[in-house]
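What follows is one structure encoded as structure tokens, with my remarks underneath.
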Amino acid sequence: MRALERHRKLSAIWASETGFRGWFSTVNHNDLGRMFLFTAFLFFIIGGLLAMLIRVQLATPHSAFAGPEIYNQIFTMHGTVMMFLFAIPTFEGLAIYLLPKLLGTRDLAFPRLTAYGFWCYAFGGTMLIVAMVFGIAPDGGWFMYPPLSSAIHSPGINADFWLIGITFVEISAIAAAVEITVSVLKYRAPGMSLEKMPIFAWYALVTALMILTGFPPLILGSVLLELERAFGLPFFQADLGGDSLLWQHLFWLFGHPEVYIIFLPAAGVISTVLPVMCRTTLLGYGWIVSAALALAFLSFGLWVHHMFTTGIPHLGLAFFSAASTLVAVPTGVQIFAWIGTMWKGRPELHLPMLHILGFFVTFVIGGLTGVMVAVVPFDWQAHDTAFITAHLHYVLFGGFVFPIFAGIYYWLPHFTGRRQFFRLGELAFALVFSGFHITFLAMHWAGLLGQRRRISAYAPEDGWTTINLISSVGSFILAIGIAMILIDVLLHVFTARRSRRNPWNASTLEWAMITPAPAYTFASLPQVSSRDPLAREPELATTLARGEGFLGTPRDGLRETLAVDSASGRPEMHVLYPANTRLPIIMSAVTGLFFLSLLLKFYWIVPLALAGVIVLAWKWVRSLGLRDDPAMQPVGHDLNLPSSATVERAPGWWGSVFLLTANGTFFAALLFGFAFLWTVAPGWPPPVWFTPSVAELALGVAGAVIAPLAMRRAIRRNRAGDAPLFSVLIALSGSAVLGIACAALMLRAPAPTEHAYGSTLLVLGGYGLFHAIIAALMGGFLARQIRCGYTSAKRRAAFPIVALWVKYTSITGAIILLAAHLSGMLS
Amino acid sequence: MLAGAAAIFGLVMILLGLSFRNRRSSGEEAGQIRVWILGLGLGFPALVLGALLAYGLVIGERLVPRQGVEAVQVSAQARRWEWRFTYADAPALETTGVLHIPAGRPVDIAITTADVIHSFWVPRLAGKLDAIPGHTNTLRLEADAPGTYQGVSAEFSGAGYDGFAFEVVVHDNSGWAAFLRGQPE
Amino acid sequence: MTEIFRILIAPLVWFVSFSAIYGLHGVLCETGPGAFEGWPVQRVVLISPVLLAIALQVVNLWMLYQPRFTAPAGLLRFVSRAGGWTGLVATVWTLFPVVALSACT
């Protein structure tokens, strides 16, 4: 088969539907990555316009441009849009587009999940923007502190848009994080061990793991606050046993890691682009990987430094002050490793390099002011002033926007297959750079003079007039610069000359293909033997196009790839991807219906939407079943691999592990909330304690013990060729009994609206019940698969997945029952 | 702190700039790692940050209220959008928007709120401390000289946040006694 | 999974001990002050888990240098040892205030 014929055949298999209809049914990472990035930049423009409005408001004293009601919505939405609708989705989009190409495979682990995540993001983001257009956007500041954001002080629907809209968007973050983690660990080119992985993949892996552990506390906080607002469960009301400080802990437990979730992918871009710009390799690869990991962990020990002024004892603050200074060390390692890389090579001032220099200047200043505010006495003065606003913009703009611009200019030829023609980019960079520094250097100064953040007006005698005017002028220069970058990119997309392949002489695999990237990504998969495959084999692209790698022969219209052992990169299984489908968009629309009916308080629709989600999920997994035992699959080079339906740890198992990691963090945060309220909140002990019942506890725990044991038995019997159906039904019943015990706990929770103790028990019981239902549904699904002949001793991949969920349900359910009944007994 | 930060920034910029010099590639990778990563990346920040942390903790420790000192007790309660102050030495007195304290004596301000979170901040006298529902936070401050000091609430509290300010009037001994008797000069 | 576990264990233990000791400190201070031979009770109670946390980190680091437990040579060994050092340094660095500062004010 010639290269062209292979290209035609593979394109027919992998392409999405033609025209705009393809957008709704595509599951290909090439499309979805671009759709993510495009949507994220739309939100970036919206957020940027809001920033302009803020600077117009503050340009002059006693501004009459917008009243506080409107202004509060503007700055709340600016922060919310930039954080949740621009920064995180930009990382997701970039990772979704690039990772399969960098890793030498054809797509991400769960293509339909990618699409589902995208539509959740698009719908959730639209909800927030629509709220803003109607003037009912959230107005409590982007960190939404209760009681200001509680029903008493924010009675309108504004805060609900934030809580529900952001939770909806978070689904996409969690989905993308599961996707990225499994893809990096399992979906790589044969031979690509962890050691030979491109550095961006390490950063993406670390970031994804951080999303899985960082976002759940925020999701929990949003759920609890929405429950308080909608149903009067007083989690954050001090007079009813709640505590507003709980929100601050949950929010910043997310909020600080969030900063590094934003910075690390950008650092990944720098670590990829900088060596290419300097014609050398990255200095200290192992050190950088270690530094990224250390940074990820340490960033979880900083959350209280956002709460230095809440009256926590000095020793408590000292822990966090210490952690906040320590986190600068791995950051320093990375910065100096990059400068060392520049010394090692010969830096060339291409456009991406200019933005990287912009990053260095801006981010180092942001880091230094960050160290300043880590010092407690300084923070007591600077906290909640414009100094903090300026600092965080230095960190986020320097640490994210400049590197992302560098990345965009670096990978634009890959997106378009064209080379830069107009020289608008250099001027645009100069404007962005100078505009940014004028705006925010001035803002530091205003903060030191005592200007608080979030004020909508100030008086001439405050003495901030000139500084604010300078800052506003700077912000318009910045805006013009960014507009020019957009124009530059558009000109590039539509008018530039065709580029040769690999215009930067880079050594990573994404350049070993024709550009723009074909739908199938690689015509055949490379065998990787070094960290810089293209440096070793400059003609790799041609070799792969000729089908000389793995899976070079298109078969039966199937979307094929292979998965590897996570550490060594040894090929492990053959994987078939699903084809184009509208299921993801329909599923996310129904999910959206669920959130929307909560938001508008049409509670009768909620169960309908939930039932819809269940039906669609059933349809989703049913399509994975196989009727017959698959043979060993030939993947080329005389290698035969087992099908993913016949392995112990299928992709779905890996996905479940990481989804449950996020879920477990959510549960841990919930238990933390319970303990926190119990020990710290005023208004405890509650007037009525839970009445423990030995019978209920024993029944529930018995169900929790039996279910995983029965699943184990089912796996053993299935492997031995015996009928596993009965054991699966026992497991299902065990989970159901556990669910009943949790439901009883919910029903008997003492006066949930009158004290946070009862409301916490209600939520704990609800969590257990929800998972028991999921476990039972999965058991039911598996039983059906067994009956209809979709499983066999060979086709066994579904069993461990169900066992995993059943085990998780049992552990958390037992903890819930014990926590509730023990609290009643102790009193 | 600012000078130190400027010096570090300058150093990084010089190193960045020097990387553009024309020169032959220098030395082994192991040697470069020793210089750049072990020396400048690990050692240098660890040293500077360790010193800074110790300094910050010592200063913070000094700001911690000492027990056994006779301090004037006042309470500050915030609500949207006014501060009310009461005085342990004159239980009948309540002032709104103006806090009166004596000069040269430590004052303990018990900060509470009647509605949402606020923050008590008199920049020239002390750092911020939040008023949090259900909790009482105590701020120790001491004004050296009589006079009037501006204070603001420094936690966003909704529509009236812009103008949410108060004053602290610091009295000399006789003025303080007169204030407590309910006869301000 | 073992490879990943070996890398993550030290920082994970740090995070757990860090949060637990912070939480313990909060609870101790809520229950009111006391003194034990001139030392506040809180400090005595807090120092022991800090020492335990440091001991755990040292044991882990020691294991990472033993041929029996360490990762295969190359990047994974390097990164897991770096993780071990991160855990130990972070434990000492972030928890030393327990011995140096006043406990509950």
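Coordinate-derived values only; no laboratory data. Note that the structure is a prediction, hence the values are computed from the model and not measured. When we count neighbours, we look across all protein chains shown, and the Cβ atoms used for this are built from the backbone with ideal geometry, even at glycine.
Rank the residues A:K186, A:K196, A:K619 as a footprinting-exposure proxy: fewest other Cβ atoms within 10 Å of their Cβ go first.
Lowest to highest Cβ neighbour count: A:K619, A:K196, A:K186.
Counting only other chains, and only Cβ atoms inside 10 Å, what mean value do you get across the residues of A:395-406?
So the per-residue partner count for this stretch is 0.
Mind checking which of A:V289, A:I480, A:G625 is farthest towards the positive end of chain A's charge dipole, using Cβ charges of +1 (Lys, Arg) and -1 (Asp, Glu) about the Cα centre?
Selected residue: A:G625.
Taking springs between alpha-carbon atoms closer than 10 angstrom, which of C:L28, C:L61, C:L88 fluctuates most in the Gaussian network model of chain C?
C:L28
Mind ranking C:63-73, A:360-370, A:592-602 by how tightly packed they are, going by the mean number of other C-beta atoms within 10 angstrom, highest first?
A:360-370, A:592-602, C:63-73
For segment A:31-495, what D do you get in µm² per second when you plug the Kirkwood radius from alpha-carbon pairs into Stokes-Einstein at 25 °C and 0.890 mPa s?
In µm²/s, the coefficient rounds to 108.
Rounding to the nearest 20 debye, state how big the charge dipole of the protein assembly as shown is about its Cα centre with +1 on each Lys and Arg Cβ and -1 on each Asp and Glu Cβ.
Rounded to the nearest 20 debye, it is 4440 debye.
Given 25 °C and 0.890 mPa s, compute D for segment A:45-186 with the Stokes-Einstein relation, Rh being the Kirkwood radius over Cα pairs; round to the nearest whole µm²/s.
The calculation lands on 149 µm²/s.
Taking a temperature of 20 °C and a viscosity of 1.002 mPa s, what whole-number D in µm²/s does Stokes-Einstein yield for chain B with Rh from Kirkwood over alpha carbon pairs?
Translational D for this selection: 106 µm²/s.
Tell me which DSSP H helices of chain A clear both cut-offs, 27 Å or more of axial length from alpha-carbon atoms and a mean Kyte-Doolittle hydropathy of at least 1.6.
Result, helices passing both filters: A:351-374, A:465-495, A:725-748.
Mean shadow of chain A, computed from the convex hull of its alpha carbons, in nm²?
The directionally averaged projection comes out at 33.8 nm².
In deg cm²/dmol and to the nearest 500, what is the mean residue ellipticity at 222 nm of chain B if only DSSP H runs of at least 4 residues count, each as -39500 (n - 2.57), divided by the residue total?
-8500 deg cm²/dmol
I'd like the mean, over residues of A:291-303, of how many other protein chain beta carbons sit within 10 Å of each residue's own Cβ.
The mean count of partner-chain Cβ atoms within 10 Å per residue comes to 5.
Just order A:403-409, A:21-27 by mean Cβ neighbour count inside 10 Å, highest at the front, would you?
Peptide ranking by packing, descending: A:403-409, A:21-27.
At q = 0.27 Å⁻¹, what log₁₀ I(q)/I(0) does segment B:2-63 have when each alpha carbon counts as one equal point scatterer in the Debye sum?
Those come out to -1.18, one per q.
Which order do A:I199, A:I815 fall in if you start with the one that has the fewest other Cβ atoms within 10 Å?
Taking fewest neighbouring Cβ atoms as first place, the list is A:I815, A:I199.
Using alpha carbons only, how many angstrom separate the centre of segment A:406-479 from the centre of segment A:504-570?
Result: 41 Å between the Cα centres.
Which residue, chosen from B:W83, B:L16, B:H171, occupies the Cα position most advanced towards the positive end of the dipole of chain B, where the dipole is computed from +1 (Lys, Arg) and -1 (Asp, Glu) charges on Cβ about the Cα centre?
Value computed over the given set: B:L16.
By per-residue mean of other Cβ atoms within 10 Å, what is the highest-first order of A:10-19, C:76-85?
Final packing ranking: C:76-85, A:10-19.
How large are Rg and Dmax for segment A:621-718 when only the alpha carbon atoms are used, in Å?
Looking at segment A:621-718, its Cα Rg and Dmax stand at 22.8, 73 Å.
Using only DSSP helix segments of four residues or longer, with each worth -39500 (n - 2.57), what per-residue ellipticity at 222 nm results for chain A after dividing by its residue count and rounding to 500?
So the helix-based figure for chain A works out to -22500 deg cm²/dmol.
Any idea how far the Cα center of segment A:143-206 sits from the one of segment A:672-727, in Å?
Taking the Cα centre of each part, segment A:143-206 and segment A:672-727 sit 28 Å apart.
How big is Rg to Rh over segment A:259-339, alpha-carbon atoms, Rh as the Kirkwood inverse-mean-distance radius?
Dividing the radius of gyration by the Kirkwood radius yields 1.11.
Mind running the shape call on segment B:72-180? Use the C-alpha gyration tensor, a ≥ b ≥ c as the square roots of the eigenvalues: rounded below 1.5 for a/c, prolate if a/b tops b/c, oblate otherwise.
Prolate is the answer for segment B:72-180, as a/c is 1.5 or above and a/b outweighs b/c.
Report, in degrees rounded to the nearest 10, the 0 to 90 angle that the Cα long axis of helix C:2-30 makes with the longest principal axis of chain C.
0 degrees
Do you know the relative contact order of chain A, to the nearest whole percent, from alpha carbon pairs under 8 angstrom that are 6+ apart?
16 percent
Using a 10 Å cut-off around each Cβ, can you sort B:D162, A:D243 from fewest to most neighbouring Cβ atoms?
Starting with the residue having the fewest Cβ neighbours, the order is B:D162, A:D243.
Are there any chymotrypsin sites (Phe, Trp or Tyr not before Pro) in segment A:106-187 that are in a DSSP loop and have at most 11 other Cβ atoms within 10 Å? List them by number.
In loop regions of segment A:106-187 (DSSP not H, G, I, E or B), the sparsely surrounded chymotrypsin sites (Phe, Trp or Tyr not before Pro) are A:F134.
To the nearest 10 degrees, how steeply does helix B:2-18 sit against the main Cα axis of chain B, on a 0 to 90 scale?
The two axes meet at around 20 degrees.
For segment A:650-826, what number results from the quotient of the Cα radius of gyration and 2.2 N^0.38 Å?
Segment A:650-826 yields a ratio of 1.14.
Rounded to the nearest 20 debye, what is the charge dipole size of segment B:2-63 about its Cα centre when +1 sits on each Lys and Arg Cβ and -1 on each Asp and Glu Cβ?
That gives segment B:2-63 a dipole magnitude of about 240 debye.
Connecting C-alpha atoms closer than 10 Å in a GNM of chain B, tell me which of B:L139, B:L99, B:L18 has the biggest fluctuation.
Answer for the Gaussian network model of chain B: B:L18.
Going through segment B:55-136, which GluC sites (Glu not before Pro) have at most 12 other Cβ atoms within 10 Å and a DSSP loop state?
Counting only loop positions with at most 12 other Cβ atoms within 10 Å, the GluC sites (Glu not before Pro) in segment B:55-136 are B:E70.
Give the average, rounded to an integer, of partner chain Cβ atoms located within 10 angstrom of each Cβ in A:187-197.
What the average comes to for A:187-197 is 2.
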